[in-house]
1. Within region 61-83, can one find any residue that is at pLDDT below 85 and within 23 Å of residue 243 (Cα to Cα)?
2. Go through the residues of region 53-62 one by one and say whether even a single one is surrounded by fewer than 16 Cβ atoms within 10 Å (Cβ to Cβ) and more than 21 Å from residue 216 (Cβ to Cβ).
3. What pairs come out if I take residues in region 165-177 that are more than 12 Å from residue 25 (Cα to Cα) and pair them with residues that are in a loop (DSSP other than H, G, I, E, B) and not polar (S, T, N, Q) whose C-beta lies under 8 Å away, six or more apart or interchain?
4. So which residues in region 22-36 are in a helix (DSSP H, G or I) and either without any contact (Cβ under 8 Å) to a residue 40 or more places away in the chain or surrounded by fewer than 19 Cβ atoms within 10 Å (Cβ to Cβ) (or both), if there are any at all?
5. Search region 1-21 for residues being among the aliphatic types (A, V, I, L, M) and under 22 Å from the mean Cα position of the chain (by Cα), and hand back the single one that is surrounded by the fewest Cβ atoms within 10 Å (Cβ to Cβ).
6. Take the residues of region 196-211 that are modelled with pLDDT of 65 or more and over 15 Å from residue 186 (Cα atoms): which is surrounded by the fewest Cβ atoms within 10 Å (Cβ to Cβ)?
Amino acid sequence: METVLLYILGSTFLISLIAFVGVLTLFLKEKLLNKILLVLVSLSAGALIGGAFLHLLPEAILKVGADADAILNIFLYLLLGFCIFFILEQFIRWHHHHGCHGEECNIKPFSYLILISDGVHNFIDGLIIAGSFVINPSVGIVTTLAVALHEIPQELGDFGVLVYGGFDKTKALLLNFISALTAILGGIAGYFLSAWIEGSAVYLLPFAAGNFIYIAASDLIPEIKHRENLKKSLLHFVVFLCGIGLMLLIKIIFTD
């Protein structure tokens, strides 16, 4: 079992490193980066919506089966995740107006929500990776690959959102990585609590889906849809669809 734990720790650490995919943008000139930031925001919005509706919710429903009460609970947890992030954003906005100082006041509230939701999501990824390695190492490797392919477009989009929201590039990379490290915590929890988690953690999936849907619908999509330039609006919508399409493609590839 110690070997399994090492597999889990190694895999979740590699998943966490994907948060540094945004380092590629450090080689871009500031003017070019500013031009593509809204494209990355569009990609992130699509990846969040696609992740919620094509990965998290179907996975949760599959785990509970045809039990009508359990399925209702899934959607209640989705609403809970949505509403908690609504309240959390209001609190962050209130803090922004009353307690922020200096550069902190230039950070948009949705930047903090992205970090929190990404932390929750990565923790769940860690749980899933741990559970798969406990079942079989080969299943764990396939699951890790699926998670990695899912994370690359989302982490790149998240980095763009953080920079667009007011963080400088270096701080955005660091905070994104810290948020991603919760995958390791999820992996450790999944290893030591595998028997309990198998039946209980299913409700973390719709909770995270509610987080994703709130951020995408309330914060990111409004940033990309009110554009006077029709060509840019169409570009952002196409990139948004690409974000959804990537999540769908990953779902198709890794569906048994």
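The values are calculated or read from the model by the stated rules, or taken from the named source; none is laboratory data. Predicted model only: the values in this text are computed from it and were never measured. Please note: Cβ atoms are built from the backbone with ideal geometry, for glycine as well, and neighbour counts cover all protein chains shown.
1. Among the residues of region 61-83, not one is at pLDDT below 85 and within 23 Å of residue 243 (Cα to Cα), which makes the answer no.
2. Yes, region 53-62 has at least one match.
3. 165/107; 165/108; 166/107; 166/108; 167/107; 175/167
4. 23, 24, 26, 27, 30, 31, 32, 33, 34, 35, 36
5. 14
6. Result: 207.
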